[in-house]
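The numbers here are math on the coordinates, done by the rules we state, and not lab data. Treat the numbers as computed from the prediction; the structure is a model and nothing was measured. Note that each Cβ is placed from the backbone with ideal geometry, even for glycine, and that neighbours are counted across all protein chains shown.
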Amino acid sequence: MVSHPIHKTGADLLLSCLQARGLSAVFGMPGNQNIALYDALARTSPALPHYLVRHEQGASMLASGYIRASGRIAASVTVPGPGAANAATGVLDAYNDNIPLLSIVGGFERICDKRDPSKLFHGLDQKAFYAPFTRYFGSPKRLKEIPRIVNEAFAAMTGVRPGPAVIEIAPDVAAMHLPPGFHPAEPKQRPLALPVNPLELGLAIESIRALRRPVILVGSDVVAADAASLTQRLAELLGAPIIYGRRGKGVISDEHPQVAGFTRSKRTAALLGAADGLIAIGSRFTQIDTKNWTLKLPEVVIQFDRDPKEVGREYPVTRGVSGDLTVALDAVLRELARTHFASDPEWRASAESKHAQWRELPPIPVLSEIRKALPKGGLISVDVTATGYNCFDRFPVEDSRSLIYPCQSVSLGFGFPAAIGAKLACPDRPVVSLSGDGGFLMGAFELGTAVEHEVSVVAVVVKDNCLSAINGSQRKEFNGRTIDTTMRSPDFVALARSFGAEATSTTDIAELPQLIEAGLGRRGPTVIELRMEDRIDEMISVIPWLHGE
């Protein structure tokens, strides 16, 4: 057999630049318009691992789970047009939850640049398509443009408001041979410059010093800014209760005695009603977290955010500080310490009392059994399902990477694929997913990926043959009338075993801990079918947003 020399190509250059910026894993599916990229991936492996998915939606959701669990960058890879559109659900979710996901999509030969996209094979104007829900779109037309576009994509993904970026690579650019002696400039990471206005900061410190009963609201940008420890120190100094929105879950460990829980609980509403000020740190005040922005805040609101556009955007603020959170919070702590600020002991006691009340609440079915089985360091990926809605307030976690949920897009089918990505990112962490039968079916095709790569994730599937939350919502709104919320679900044990996964079925919730523990000890995925066809009303009864939180 005659061997042919392997020429480095535009695809090799792209992957080299991406690896230089920290790309850790790739999830995708090869096709005609990305075969040069896949040839380069084959020659890059195992340094840059690739995982074949069964549906392009899985590519973006596995990548999102990987990033959420580890903080490292991952990418989805698809063909253009329908491949890009299939993956778009996970990209949209990443945009709304500020996840730095990279989407690499095949493009169209440069000769087609002036043609109507609808006349092209897999045709789609991908720049226009992605524009509303990505931070950046780049499509190199020459080899020398690739390093710059990679730099710009990473700057956008990890900037002041993190989010997804898209790199479209045309087949002819990907296949183009690098000329002899071609040495492009290496991608370089430039530090994110986020200056803090001293006047804004000084006024904010004065307002904080005047508070006697403050509440601290934390959001996910605290983690992105590496400011969690400073935020906790501030709360401890002030004796302030700590509350959080969906993406702020675990920013400060739920074990901390001042953490009072989720913004939508009656507990936190009572705290906000008694407080004389709110200090919001890295929180975006989303629709879900604030009950359509009806959540009543104290008269004094002091907001810290890296993004100046967020300050005062959803609620009027008394004082606002934008810029580097670590710089701002460190200055606040130093100034309060210098002036010997003394916290109100009664307010601190009130915070700890609310924490104790929270932790003494009765268990939520299924969630509490998973909590019993999931060991320290474990991670849960929760789909959009009746009992799963309670995870924000009723599933204590140690840190912000211990619970994965599609917080703003609320993308049905997210839980199981994201769990696979999380386990691939953190192979030493026990990982469990929780889904209803409707959601699991939307991601069940990735059982093939999990079996192929022996991913030891445990999938708990609540089978009630019903879209329970919507069924309950229909009943409540329309005098008991429902339509198309009951359904026929498959035998999930047989389905899982057909892929080569382990599987078991039970009707006894109390059996879940031992079944989960057994699954966590196996090599490869385990599916636990929890049959609850006769307990739909019980499931509906624990949906917080149907019953006044």
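A few notes on this one:
- As a rough guide to protection, the peptides 485-495, 381-391 ranked by mean Cβ packing within 10 Å, highest first, stand as 381-391, 485-495.
- Built amide H within the under 5 Å cut-off of T9, gap 5+: L178
- Those trypsin sites (Lys or Arg not before Pro) in the stretch 92-143 that DSSP places in a loop and that have at most 10 other beta carbons within 10 Å: K114, R142
- Applied to the stretch 409-426, the Karplus parametrisation 6.51 cos²θ - 1.76 cosθ + 1.60 on θ = phi - 60° returns per-residue 3J(HN,Hα) values of 6, 6, 7, 4, x, 6, x, 6, x, 5, 5, 4, x, 4, 5, 5, 6, 10 Hz, with x for Gly and Pro.
- Simple label model, 7 Å out from Cα along Cβ direction - L361 to R523, nm: 4.2 nm
- The stretch between E255 and H453 holds 67.8 nm of extra length on full extension. This uses 0.36 nm per residue minus the Cα-Cα distance.
- Inter-part distance where the stretch 449-503 and the stretch 190-262 are each reduced to a Cα centre, Å: 38 Å
- Difference of contour (0.36 nm per residue) and Cα-Cα distance, D330 to R488: 51.3 nm
- 19 Å Cα-Cα reach of K127 towards lysines, excluding residues that sit fewer than 8 places from it in its own chain: K114, K119, K141
- Residues whose amide H falls under 5 Å from that of A459, counting only those 5 or more places apart or on a different chain, are S433, T526, V527, I528, with hydrogens built in the peptide plane.
- DSSP-defined antiparallel bridges as percent of all bridges, the chain, nearest 5: 5 percent
- Under 5 Å between amide hydrogens, built in the peptide plane, is the criterion, and for F137 it picks out V166 among residues at least 5 positions away or on other chains.
- Global geometry of the chain, whether rounded, prolate or oblate, following the gyration tensor of its Cα atoms and the 1.5 cut on a/c: oblate
- The stretch 198-359 shape via C-alpha gyration tensor axes, a/c threshold 1.5: rounded
- Per-residue ³J(HN,Hα) for the stretch 271-279, Karplus 6.51 cos²θ - 1.76 cosθ + 1.60, θ = phi - 60°, Hz, x for Gly and Pro: 4, 5, x, 8, 6, 9, x, 10, 10
- The 3J(HN,Hα) values that the Karplus relation (6.51, -1.76, 1.60; θ = phi - 60°) gives for the stretch 302-312 are, in residue order, 10, 10, 10, 7, 5, 9, x, 5, 7, 5, x Hz. Gly and Pro appear as x.
- Most to least packed among 266-275, 41-50, 466-475, 90-99 [average Cβ atoms within 10 Å]: 90-99, 466-475, 266-275, 41-50
- Which of D221, D125 has the fewest Cβ neighbours within 10 Å, and the rest in rising order: D125, D221
- Pairs of lysine residues in the stretch 367-546 - Cα separation under 27 Å, sequence separation of 8 or more or cross-chain: 5
- Dividing the convex hull volume of the alpha carbon atoms of the stretch 111-215 by its residue count gives 162 Å³ per residue.
- Cleavage-rule hits (GluC sites (Glu not before Pro)) in the stretch 450-516: DSSP loop, at most 12 neighbouring Cβ within 10 angstrom: E454
- Protection proxy ranking of 521-533, 285-297, by the mean of other Cβ atoms within 10 Å over each peptide's residues and highest first, is 521-533, 285-297.
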